[in-house]
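Nothing in this text is a laboratory measurement; each read-out follows from the coordinates by a stated rule. The shown structure was predicted, so the numbers you read here are calculated from the model rather than taken from an experiment. Heads up, the Cβs are rebuilt from the backbone with ideal geometry, glycines too, and the neighbour counts pull from every protein chain shown.
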Amino acid sequence: MGTELHTLKPPAGARKKKKRVGRGPGSGVGKTSGRGMKGQKARNTVRAQFEGGQNPIHRRVPKRGFVNIHRVEIHSVNVARLEAAFDAGAEIDLEAMHAKGVVPKKAKYVKVLGGGDLSKKLTIKAHGVSETAKSKIEAAGGSVELLPIADKIKPVTRKPKG
């Protein structure tokens, strides 16, 4: 006889019976139901954050800063990292960087920076490239193609004061 649906049982000790309080003196938890004598905790439950009526900590501590809900995170990659991850003559775009683990999967926009040295010829497609990175890529015989950033993202222009 093997294991079948009608023979399934949880292992011993996996299930615990609910404590039924207030069911008479013979139960061991009758009368006051394990709440002791009188007092606030005997009458009602008190929420975990309650501090006895004093001003709670989340109201005592001042709020600082804000979170910009329209923030667009542009991940940066140095040319030395691309040198180590890719072979000469490779065409590098966002999907290739995801596949090699150069940028995280959540990265939507990538900017290539000029940290380190580059000796391989690489074709790079990115949303931004620094001047030093561009000069290093072109000096190694590679090329750079700038990808467009979504239409919703617009640079912030401020009016001058005065």
Packing-based order for 83-90, 123-130, using average beta carbon neighbours within 10 Å, highest first: 123-130, 83-90
Residues Glu95, Glu138, sorted so that the one with the fewest Cβ neighbours within 10 Å comes first: Glu95, Glu138
Of Lys105/Lys136; Lys9/Lys41; Lys9/Lys31; Lys19/Lys41; Lys18/Lys41, those spanning more than 30 Å from alpha-carbon to alpha-carbon: Lys9/Lys41; Lys9/Lys31
Relative contact order for the chain, counting Cα pairs under 8 Å that sit 6 or more residues apart, in percent: 15 percent
Likely footprinting exposure, Lys31, Lys136, fewest C-beta neighbours within 10 Å first: Lys31, Lys136
Kirkwood hydrodynamic radius of the chain, Cα pairs, Å: 23.3 Å
Over the range 74-146, relative contact order from alpha-carbon pairs under 8 Å, at least 6 apart, %: 35 percent
